[in-house]
Every structure is written in C-alpha cells, then in structure tokens.
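Here the structure is laid out as structure tokens; the discussion comes afterwards.
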Amino acid sequence: MNQIDWKQKLVSRKFWAAVVGFVTALLLGFGLTENETGQIASIIMAGATMIAYIVGEGLVDASRTKDGGTGNA
C-alpha cells in the first residue's frame with residue numbers, strides 16, 4: 001500500500017480547496033448561515049496559508065541541509 005506524503009498534501013492548494021469545499025457543504029447542510037460559513041472558510045484558508053508556508057520553508061531548509069548549505073537543491 002502506498003504511503004500518503006502529508007508534507008506535499010499540506011502545501012497543495014488543491015488539497016485546501018477540497019477541504020474548504022467539503023467543510024462549506026457540511027456547514028450549510030447543518031443549517032449555518034452563509035455568513036457564518038464564509039467566516040469559517042476564511043479561517044480555514046488563513047490556517048492553510050500558514051501551514052503551507054511553514055511546511056514549505058521546512059522543505060527548503062531540509063534541501064539546503066542535504067545540499068551542504070549552498071542553496072542549490
């Protein structure tokens with residue numbers, strides 16, 4: 001069985017768009033207003049932006065470490 005590469009998933013815009021779409025549909029299904037749903041979707045995307053940045057920077061730093069610190073991956 002193939003392992004999921006969560007580092008790549010967490011920096012993927014498609015992944016976060018899918019998460020927001022899923023959560024939005026659930027929230028509307030449970031009767032939240034469009035305003036409340038929009039606010040929650042905004043919070044998720046703000047968090048996703050920070051997660052993607054942190055993971056992305058970690059990957060760059062790891063690449064630099066493997067490369068001996070020259071910055072050429």
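What is the Rg over Rh value, at two decimals, for the chain, using alpha-carbon atoms and the Kirkwood definition of Rh? Each step should come with its number before you reach the end.
Working: Rg = 16.7 Å, Rh = 14.2 Å.
Here Rg/Rh amounts to 1.17.
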Per residue of segment 15-31, what does 6.51 cos²θ - 1.76 cosθ + 1.60 with θ = phi - 60° give for ³J(HN,Hα)? Whole Hz please, x for Gly and Pro, Karplus curve as stated. 4, 5, 5, 5, 4, 5, x, 5, 5, 4, 4, 4, 5, 5, x, 8, x
Where the centre of each part is set by its Cα atoms, how far does segment 43-58 sit from segment 24-41, in angstrom? 22
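Rank these by accessible area, largest first, 1.4 Å probe: Thr37, Thr65, Thr49, Thr24.
On the way: Thr37 5, Thr65 110, Thr49 85, Thr24 40 Å².
Most to least solvent-accessible, the answer reads Thr65, Thr49, Thr24, Thr37.
Divide by every residue of the chain the summed helix terms, -39500 (n - 2.57) for each DSSP H run of at least 4, and state the resulting mean residue ellipticity at 222 nm, rounded to the nearest 500 deg cm²/dmol. Before the final figure, lay out each step's value.
Values: 3 runs with 55 residues, N = 73.
For the chain, the value works out to -25500 deg cm²/dmol.
Using a 1.4 Å probe over the heavy atoms of the protein chains, calculate the carbon and sulfur portion of the accessible area of segment 7-73 as a whole percent. Don't skip to the end; give the middle numbers.
Numbers: 3150 of 4920 Å².
Carbon and sulfur atoms account for 64 percent of the accessible area of segment 7-73.
The values are calculated or read from the model by the stated rules, or taken from the named source; none is laboratory data. All figures in this text were calculated on a predicted structure; none of them were measured in a lab. Surface areas here come from the heavy atoms of the whole protein model, side chains and all, with no ligands, DNA or RNA. Shrake-Rupley method; radii C 1.70, N 1.55, O 1.52, S 1.80 Å.
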